[in-house]
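Here's the structure, in structure tokens; my notes come after.
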Amino acid sequence: MLQYILITIFLFLGMIVYFRIAGKYNIIDKPNERSSHNYITIRGGGIVFWLAGVLYSVCYLPDSLYFLTGITLISGISLWDDISSLPNRVRIVVHFLSISLIFYGLGLFSQLPWWLIVLAYIFFVGVMNAYNFMDGINGITGLYSLVILLSLQYVNHKLTFFTTHDFINYAIPACIVFLFFNFRKRAKCFAGDVGSLGVSFWIITLLLQLMLVTQSLIWILFLSVYGVDTIFTILHRLYLKQNIFQAHRMHFYQALSNERKFSHLKVSAGYAFVQLLVCIIIMYSYEHYREWDWIIGIIMVAILSIIYLFKFRSLSSPSHPHQN
């Protein structure tokens, strides 16, 4: 317990130091017509996940070398992008390189056929970017990630041991520290790309470890709430013939917070709560009804998809701007 208290204190101090640096070098987020906030805020507070990753890796070298290199690469390029916008091709190359390090460290290149590896690249790079797209209101990244990490820790303790407990435990204080500064009506900081991509990289590594040990893909549904929102929003924008790579305000959480005027904190808590229910059902079905777990999973995704359709009621609000 003392170990984790010290880790939390270190991360708090790290955040305070970063705030000073961000203030000095003007690493801030200015609101625009696509933003869900209306005040200047420090950007890049999610660097706390990189700090926690470094702490863990130093304690577990050399086994953690590939993870340390991967999270440093993706956090470094993401912080650079937070400070000065980079071309998409530069960021994507680093995303693929970071995922390659994890694939190599886990031995995927020798375990899977080439075509499955290609699909895995596309899927997990997509997951990281979806995580980044969903980081748009106070608390959503921290709460959602905390739910997934706690669920993974339960699996690791109660269902099947797939990684060191500390590999999850070091990420949990990072979430708590970040939420202390972000889960507020007026946030002290935003995660930035460095935070959303850093924590998604950590979670992807954990999910890959779990799927390899259990030989089951059902754990992908630990990301299903974000997944349904992201996929259906992309389809909606394609239908409207919009450029899906440009910023927008068409995610369900944005419709709830911007059009229906629900508070950011309530919407973020709602997303986390729904994902918690999904995780509980997945874990219960895996433990007690393993032969039915995918059927249960498909039913859950179908229900989430139906819930997503309620977004269009929010978009039809008089306060919503006309879509071309």
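So Asn243 fits all but one of (1) without any contact (Cβ under 8 Å) to a residue 24 or more places away in the chain; (2) touching an Asp or Glu at 6+ places or on another chain (Cβ under 7 Å); what number is the exception?
Here Asn243 meets the rest and fails (2).
Having 3 or more residues that are at pLDDT 90 or above is the bar; report the helices (runs of 4 or more DSSP H) wholly within region 248-324 that clear it. Break it down into steps so the answer makes sense when it comes.
Working: elements: 264-288, 293-308, 311-315.
Where helices (runs of 4 or more DSSP H) fall fully within region 248-324 and carry at least 3 residues being at pLDDT 90 or above, they are 264-288, 293-308.
Given the criterion in contact with a Ser or Thr (Cβ under 8 Å, 6 or more places away or on another chain) and not basic (Lys, Arg), identify the matching residue among Gly227, Gly192.
Being in contact with a Ser or Thr (Cβ under 8 Å, 6 or more places away or on another chain) and not basic (Lys, Arg) holds for just one of Gly227, Gly192, which is Gly192.
Any residue at all in region 38-61 that is in a loop (DSSP other than H, G, I, E, B), farther than 30 Å from Ile5 by Cα and in contact with an Asp or Glu (Cβ under 8 Å, 6 or more places away or on another chain)?
Yes, the conditions are met somewhere in region 38-61.
Suppose we filter region 102-139 for residues that are in a helix (DSSP H, G or I) and farther than 30 Å from Gln246 by Cβ; how many remain? So that I can check it myself, show each step before the final result.
In the first step, residues of region 102-139 are kept if they are in a helix (DSSP H, G or I); the result is 102-105, 108-111, 114-133.
Now drop any that are not farther than 30 Å from Gln246 by Cβ, which leaves 103-105, 108-111, 114-117.
Qualifying residue count, region 102-139: 11.
Name the pairs: first residue in region 92-117 and more than 22 Å from Gly76 (Cβ to Cβ) and free of Cβ contacts under 8 Å to residues at least 24 places away in the same chain, second residue surrounded by 15 or more Cβ atoms within 10 Å (Cβ to Cβ) and among the hydroxyl-bearing types (Ser, Thr, Tyr), Cβ to Cβ under 9 Å, at least 6 apart or on different chains?
Phe109/Ser100
Filter region 77-111 down to residues that are surrounded by 16 or more Cβ atoms within 10 Å (Cβ to Cβ) and of a type in the set (Gly, Ala, Ser) and give me whichever is nearest to Gly192 (Cα to Cα).
Among them, the one singled out is Ser78.
Quick one: is Gly192 surrounded by fewer than 24 Cβ atoms within 10 Å (Cβ to Cβ) and touching a Leu at 6+ places or on another chain (Cβ under 9 Å)?
Numbers: surrounded by fewer than 24 Cβ atoms within 10 Å (Cβ to Cβ): no; touching a Leu at 6+ places or on another chain (Cβ under 9 Å): yes.
Spelling it out, it is not the case that Gly192 is surrounded by fewer than 24 Cβ atoms within 10 Å (Cβ to Cβ) and touching a Leu at 6+ places or on another chain (Cβ under 9 Å).
Out of region 241-255, which residues are surrounded by fewer than 23 Cβ atoms within 10 Å (Cβ to Cβ) and hydrophobic (A, V, I, L, M, F, W, C)?
Ile244, Phe245, Ala247, Met250
Would you pick out the residues in region 54-75 that are free of Cβ contacts under 8 Å to residues at least 40 places away in the same chain and not hydroxyl-bearing (Ser, Thr, Tyr)?
Val54, Val58, Leu61, Pro62, Asp63, Leu68, Leu73
Could you list, in sequence order, the residues of region 125-174 that are aromatic (Phe, Trp, Tyr), buried (at least 23 other Cβ atoms within 10 Å of the Cβ) and modelled with pLDDT of 95 or more?
Narrowing region 125-174 to residues aromatic (Phe, Trp, Tyr): 131, 133, 144, 154, 161-162, 167, 170.
Adding the requirement that they be buried (at least 23 other Cβ atoms within 10 Å of the Cβ) leaves 131, 144, 167, 170.
Matches in region 125-174: Tyr144, Phe167, Tyr170.
Restricting to region 157-175, give me the number of residues that are touching a residue at least 12 places away in the same chain (Cβ under 8 Å) and closer than 16 Å to Tyr4 by Cβ.
So the count comes out to 12.
Regarding region 34-43, can at least one residue be identified that is on the phi < 0 side of the Ramachandran plot, exposed (fewer than 12 other Cβ atoms within 10 Å of the Cβ) and free of Cβ contacts under 8 Å to residues at least 40 places away in the same chain? Write out each step before concluding.
Residues of region 34-43 that are on the phi < 0 side of the Ramachandran plot, as a first pass: 34-43.
Next, from what is left, pick out any that are exposed (fewer than 12 other Cβ atoms within 10 Å of the Cβ): 38-40.
After this cut, where a residue has to be free of Cβ contacts under 8 Å to residues at least 40 places away in the same chain as well, the list is 38, 40.
Looking for residues that are on the phi < 0 side of the Ramachandran plot, exposed (fewer than 12 other Cβ atoms within 10 Å of the Cβ) and free of Cβ contacts under 8 Å to residues at least 40 places away in the same chain, one finds at least one in region 34-43, hence yes.
Assess whether Phe67 counts as being over 16 Å from Leu79 (Cα atoms), within 20 Å of the chain's Cα centre (by Cα) and modelled with pLDDT of 95 or more.
Values: over 16 Å from Leu79 (Cα atoms): yes; within 20 Å of the chain's Cα centre (by Cα): yes; modelled with pLDDT of 95 or more: yes.
Taking the combined requirement at face value, the residue satisfies it.
Would you pick out the residues in region 160-216 that are under 30 Å from Val90 (Cβ atoms) and of a type in the set (S, T, N, Q)?
Result: Asn182, Ser196, Ser200, Thr205, Gln209.
Mind listing whichever residues of region 220-240 are within 15 Å of the chain's Cα centre (by Cα) and crowded, with 18+ Cβ neighbours inside 10 Å?
Result: Leu221, Phe222, Leu223, Ser224, Val225, Tyr226, Gly227, Val228, Asp229, Thr230.
Which one is farthest from Gly139 (Cα to Cα) among residues in region 256-273 that are polar (S, T, N, Q) and surrounded by 15 or more Cβ atoms within 10 Å (Cβ to Cβ)? Please lay out each step first, then the result.
As a first pass, look at region 256-273 and keep what is polar (S, T, N, Q): 257-258, 263, 268.
Narrowing the set further to residues that are surrounded by 15 or more Cβ atoms within 10 Å (Cβ to Cβ) leaves 257-258, 268.
Details: Ser257: 12, Asn258: 15, Ser268: 6 Å.
In this case the residue turns out to be Asn258.
The values are calculated or read from the model by the stated rules, or taken from the named source; none is laboratory data. Remember, predicted model here, so these are calculated numbers, not experimental data. Don't worry about glycine lacking a Cβ; one is built from the backbone with ideal geometry, like all the others, and counts go over all protein chains shown.
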